[in-house]
1. Tally time: how many residues in region A:89-99 are in a strand (DSSP E or B) and either surrounded by fewer than 12 Cβ atoms within 10 Å (Cβ to Cβ) or at pLDDT 95 or above (or both)?
2. Residue check, residue B:142 against (1) at pLDDT 95 or above; (2) more than 14 Å from chain C (Cβ to nearest Cβ); (3) farther than 25 Å from residue C:257 by Cα; (4) not in a helix (DSSP H, G or I), all met but one. Which one?
3. Filter region A:14-33 down to residues that are loosely packed, with under 15 Cβ neighbours inside 10 Å and assigned to a helix (DSSP H, G or I) and give me whichever is farthest from the other protein chains (Cβ to nearest Cβ).
4. Within region B:380-404, restricting attention to residues that are within 30 Å of residue C:38 (Cα to Cα) and free of Cβ contacts under 8 Å to residues at least 40 places away in the same chain, which residue is farthest from the other protein chains (Cβ to nearest Cβ)?
5. Determine, yes or no, whether residue C:178 is touching a helix residue (DSSP H, G or I) at 6+ places or on another chain (Cβ under 9 Å), assigned to a helix (DSSP H, G or I) and either free of Cβ contacts under 8 Å to residues at least 40 places away in the same chain or more than 27 Å from residue C:39 (Cα to Cα) (or both).
6. Whether any residue in region C:364-381 is within 25 Å of residue C:287 (Cβ to Cβ), surrounded by 14 or more Cβ atoms within 10 Å (Cβ to Cβ) and at pLDDT 95 or above is what I want to check.
7. Could you identify the single residue in B:298, B:255, B:276, B:291 that is free of Cβ contacts under 8 Å to residues at least 40 places away in the same chain and within 21 Å of the chain's Cα centre (by Cα)?
8. Return yes when residue C:323 is in contact (Cβ under 8 Å) with a residue 12 or more places away in the chain, within 10 Å of chain B (Cβ to nearest Cβ) and out of contact with any strand residue (DSSP E or B) (no Cβ under 9 Å at 6 or more places or on another chain) and no when it is not.
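The values are calculated or read from the model by the stated rules, or taken from the named source; none is laboratory data. In this text the structure is predicted, and so the values were computed from the model without any measurement. Glycine also receives a Cβ, built like all others from the backbone with ideal geometry; neighbour counts cover every protein chain displayed.
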């Protein structure tokens, strides 16, 4: 089992979700996050006073998948989230030690 | 000249009420767009107030209500340019009991809200500078002529006998047709209709609707240009039709198997207000109820048409204002009664002639507005580029066009806490800066 | 006494419009502060409505418009205390300026001005003043500062009025007064923690725009209502008000563009308010062209002036000085150039009236500004030394809403995700 974490541009969520559905993934968790990488923030101006916001809003997607489709899912996310502009985000993969489905108590790969 | 202070007081109050409708409209629309575009929407409405206020007193008032040019009833002359001759009687209004300047101000507010109404059709995708240019030219070549045709006693539609008490053709159909024309020129919002674009702040929409309803009493009852029985008719008819349309719209929602929605209630109220606008001084309470109900039901059905024809009339200016305006203008031909004022319609023994006049007014105003607006928008689109860049559209108008964010609430809490360090302030100009540097470009470092 | 029903109707409506401006102002300001302080700001404005409403009928009205005390034109007597003698004509309003409305309508109309003036001050001391001491300040200030200046400029026996100073609707009494007082009290209470290094962007710009819309709406009562009748002068004031508000809006965003930036919504409404401020003293004395010039001038000058606080190091948080003081000065002085008898009053310099009017206007600006600044500074300092005007540092950090009022303004679920596109549309086939 792998935990895939992706940081994407917010407006790419729908594209990524569609790509994941095609790749056979049936669930995911999304949260709003802020951060910065190579994409700098933007400048806001209020009555001439400027504010450099260095943190940019992004979405974080988390999903647990079987080992064998992990690479394919990562590829799907990357393809769907890419705009080829700075700030497209990152995807990383971690191993998962255990997993429990709360409703049934199923454990491990059965719970994916 | 002796003026009636009661009439003057009422029209002054009405003028203020109608001005207030445009900020109300801004919130009605602003709540319906996505949160990244709300300031862009508000900005267009506030800027419309700024521009039209100036254009009106200098030029377009005179074109609309100045002495008729050549006797064709098509347009006025520049006799009243920059409010020249402010104490002269307005041509055709010899019985006016209010100072002419009060009339100038009252009519100005109509000229302001009409282009503001258009912004709903083109939400989320217009650049500001071309919009400014559009509004300036549109006020002169579209609004002023149509106002002259219909409102001015020397206008050809007025002389023909077409009835429009407070602007069903001049304001609502005009704005609706123009909105469709520009939406056609600039194209769909990116992602429409596949992506969901739900309203980001429905209470704003309802607040805006409340302000509109409130201000509409000035719009309609003020159009009697006095505090009298006719204004009382217009006032009550306005309220009755609005209530009926609100109920009509949510009834349609229930009958179609859905839930009644607050957005539907607000939209129905506006549809009813729109439809009663031309009719409020010509029908009785029965007519007002039927017109309101008809507008609520028909507009509720009409707003789905945009998906069928693939035209992204984003906030339903066509479906509500064009269709609602047509419903109201035509139904005067059916329910108009001389017992209130004006001519008798079909149901009151007046035959079909009034309905015919109303139909001519609908076709003339609608097609003139659509065609000229389309041409004007096309020219601006080809020369200046009417539409924001795809990147800016994705980013949203607020930060892309105006360098602002609407809200710093939950998600922005981090940022609004001074000590969190989640944003660096570079508040300019710095304290050691010479005064000449006030003209420094924002963002430019010395 | 015979009253004119139409005039009375208009002044009553105007009083309601002007009262509505204070909640409008509360939102105008409330949107600009940080989300932890919005209720604190709204509370100060709403409480001001209550405090001044009472002070006005019990004392301040009489000091402002009561029979002149000693004939110096400095302050009225307590003849009308508690609205005593309320059917007597207001002293001084005779001849060409005689009133055709019940004196009580005048009392309530003027009350709404007395309310909004201290409410305007709240913008300069946003986010850092204790609530109780603030109320004490408003009460003292209404009696010691507002009432005298209103007497000087509005009352026909006031020394500025008798001198021929023109202030149609309160450029000196309301705008310059509030602006100068705002700077004075901001000097006494000091800067917000972290200013100007930490970012303090507006937390709800749409709220600010709503406030601006309400202000614009109410300003018609403020200015056109000051004709005290439904007549041609009211019509002039009305159109001029709208023209200047529009010109101010366009002037401010034009400056933003010319300086190479983007036009901002906050700039647009700030410009509108600046234009409305500047036309306040002049709306009944200039023509449409004059109104346009005054509006543009205010929009441009104020948009440049709001940066001055960074140079001066005074945390005039929401630019009460930059917009109301400066805008009020612009409008009051420009009457001296653009005033025209064709509308009302005397001719200014450009209409052949010479420099006399400009000189008198200049004197009124100095007198009202200096008196307001000095008196306010003394009042604020006295309160600060005795009961303490400023919030505790930990309260300021926590925010006024929870620290002072035990409330928080917003409780939204995470609906932001949805607006970014996480669903599908069912009617979009």
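1. 5
2. (4)
3. Step by step, filter region A:14-33, then rank; the result is A:22.
4. B:400
5. Taking the combined requirement at face value, the residue does not satisfy it.
6. For region C:364-381, residues within 25 Å of residue C:287 (Cβ to Cβ), surrounded by 14 or more Cβ atoms within 10 Å (Cβ to Cβ) and at pLDDT 95 or above: present.
7. When all the criteria are applied, what remains is B:298.
8. no
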